[in-house]
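Mind looking over this structure? Questions follow.
The values are calculated or read from the model by the stated rules, or taken from the named source; none is laboratory data. Just so you know, these numbers come straight off a predicted model, no measurement behind them. Virtual Cβ from ideal backbone geometry, glycine too; neighbours counted across all protein chains shown. What goes into the accessible areas is simple: the full protein's heavy atoms, side chains included, and nothing from ligands, DNA or RNA. Shrake-Rupley method; radii C 1.70, N 1.55, O 1.52, S 1.80 Å.
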Amino acid sequence: MTSLDHLLLLSALTVVVMLAIGNRQAVGWIATLLYSAQGMALLLMSDLGYGTAAAVQSGLSVQVLGHQLHWRFDALSWFFALITIGAALLSSWFSAGEWAQAYRRHGGSLRLFHTALALNVLSMLVLLASGDLLSLFIGWELVSWASFLIMSLGSSTATRYAMRYLTYAFAGAMAVLGGLALVYSMVGSFQFQALKTAAPSMDSSSLWLLFLLFAAGFGVKMALLPFHLWQAKAYAETPGPGAAFLGAISSRMGLFAIAIVLVQLIGIARLVEMPIPFSFLSARDLLAWIAVFTIILPTFTALRQHDARRLLAWHGIGQGGYMLLGMLIADDLGSAGGLMHVFNHATYQAMLFMTVIAVIHRTGTSDLNQLGGLVARMPLSFVAMLIGIIGLAGLPPMNGFVSKWLVYRSLILDGSPLLFLGAVIGTLGTILSVYKLIHNTFLGQLRLEHENVEEAPLSMILPMMILSAVVFITGYFPGLVLDWVATAQAAMGLPALAHHLGGVASDKGGLDMIWIVSILLAGFAIGTLVFFSGNRHKRVHQLDNYAGGHFLTAETRYQYSDNFYPGLMHLIGPWYRKSFRWLERGFVSTVDTVSMAMQGLYRQAHPSLYLLVVVVSALSWVVIQ
């Protein structure tokens, strides 16, 4: 057995253990230990993470209809697996204490929750270990069903949104299956190398059909426009730390599949050679513009949200656009920025979700119009959110700045000013909405009903503090992550980024975060010294304050959280209602209709018969082809 087999067996063992002991109070701590063991098993493949693009093969080999399936881990798989296991470890840790007690009191099943989380990790590892297109499809389907399971554990509302996701997932799976059948009919094999060898000589029409099928199928999981409407509500309604895990890594499985099939096997150069008739755009340009609109529209939709969880979930969609955009540029800077942003976003997105869940745990609400002033009651949670929103906004000194800078710089060097402008507009919307998040949650006047609120328990605080440290340290020393990124680039056949501990030293434009962050810290230190040395400050109670010539008491609220950004909403509201919202509602209505039809189908007396007929028909069609 190889080290990859050990990792997969340990992940499968975690599922079994969660099923066996899931209802015990200590299940969260046991899950945390098991994910730690998986992390250690992953680190034993250290060559994949530090300096070599060679793959570790699995000893497992399965034959399906005469086709040999196999699994392997290369540096790209290792990189995504590191994020997956890390997100699961911290999510299970977060859920191990008071959250688990509250979840059980409200009727939740810890057995189902931790089993669903473990199944998600196992299915993602199987997908990441794919050694051919058929095993990729099997892993893809396992991830879809595992995601559906954890999404549906919440209320009836969560189940409804999970069913909507399932409709999208089925449609995407059929597109991917159609792409596999087309590959087999043209190449006669499901092996990666066979497609890579044949792609340069494929005719344009066949390649366009392959591109559309795979881009649509994988784009559903990644929530690219126009296949994005399932994600925000489904992730927001997922129970507690499950939302943090899904927001961190789940939809990035779509990016992984795009990186394998479109970037590594078909190749960006081949996509550039595929012009769109009657335009100056290529297939790569089409996907790049989809990425840009995926950045902009969901980001400004997030600005309109009054629920903190939905605000973050919409941002998860938008941030995926930066990752895809960097990958499509495919030079050393762009692909490094796209890959690094997967890691960076996972760290601060998981932390932000955890912060919001901690606020819900203490106050009972995530409605931004019903919060405010919690900084004095939950100071550590405030610090975690502050660090997280700086990372999400892409500002120094946090790690989100580095990956976005790499993407911006690559767009400039690629001669794509309009794509660059679109990415910057998305960042502007991000800054506005994350300020709304922290202002309405922690700043301003404290509500009287929250006067006795306490800080989140230690079981919640520690994972948030660990992620806060990761966000800051990898922003201060980005070379720590760029080591892994460069190895993943080499595994994909892309130029690896030359870097150092502080960032990038290049004639194309350098970045040294050690200098930048050190100067920022020195400035903050000087400002703090000046503030406290003057001895003119006075601490006052939140409900006994003074501003703008008026005394502020409990009767005078200094927290304008309701209808935040009314002026901006007045400007963009008519456009939103008359165009984007109209299209959105039409698309949602269509998907809901299909979802209801599918629910009726699967709730018949013999649903397994329908599933058997579909699978046999699909396999028969593949064999005949």
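Mind listing the phi-derived Karplus ³J(HN,Hα) values for the stretch 416-423, rounded to whole Hz, using 6.51, -1.76 and 1.60 with θ = phi - 60°, and x for any glycine or proline?
Karplus-based 3J(HN,Hα) across the stretch 416-423 equals 10, x, 6, 5, 4, 4, x, 5 Hz.
Taking a 25 Å limit on the Cα-Cα distance, which of the listed pairs Lys233/Lys436; Lys196/Lys221; Lys221/Lys508; Lys404/Lys508; Lys436/Lys508 fall beyond it?
Lys221/Lys508; Lys436/Lys508
Can you sort Tyr168, Tyr103, Tyr184 by 1.4 Å-probe accessible area, starting with the largest?
Sorted descending by solvent-accessible area, the residues read Tyr184, Tyr103, Tyr168.
In terms of solvent-accessible area of protein heavy atoms at a 1.4 angstrom probe, what is the ranking of Phe192, Phe472, Phe218, highest value first?
Largest accessible area first, the residues go Phe472, Phe192, Phe218.
Return the long-range amide H neighbours of Ser130 (sequence gap of 5 or more, or a different chain), with a cut-off of under 5 Å between placed amide H atoms.
Residues meeting the amide H criterion: Arg72.
Oh, and also: Give the separation of the Cα centroids, the stretch 23-42 to the stretch 57-125, in Å.
For the stretch 23-42 versus the stretch 57-125, the Cα centre distance is 11 Å.
Which of the peptides 60-68, 491-499, 377-385 is most tightly packed, and how do the rest follow, going by the mean number of other Cβ atoms within 10 Å of each residue?
Packing proxy ranking, top to bottom: 377-385, 491-499, 60-68.
For the stretch 27-172, rounded, prolate or oblate, judged on the Cα gyration tensor with a ≥ b ≥ c (square roots of eigenvalues), a/c < 1.5 rounded, else prolate if a/b > b/c?
It is oblate, given that a/c is not under 1.5 and a/b is not larger than b/c.
Another question, if that's okay. How many angstrom lie between the C-alpha centres of the stretch 423-481 and the stretch 312-359?
About 15 Å separates the Cα centre of the stretch 423-481 from the one of the stretch 312-359.
Which translational diffusion coefficient, to the nearest whole µm²/s, is obtained for the stretch 389-468 from the Stokes-Einstein equation, given a Kirkwood hydrodynamic radius over C-alpha pairs, 20 °C and 1.002 mPa s?
Rounded to a whole number, D works out at 140 µm²/s.
If you roll a 1.4 angstrom probe over the protein chains with everything in place, what fraction of the accessible area of the stretch 407-498 belongs to carbon and sulfur, to the nearest %?
72
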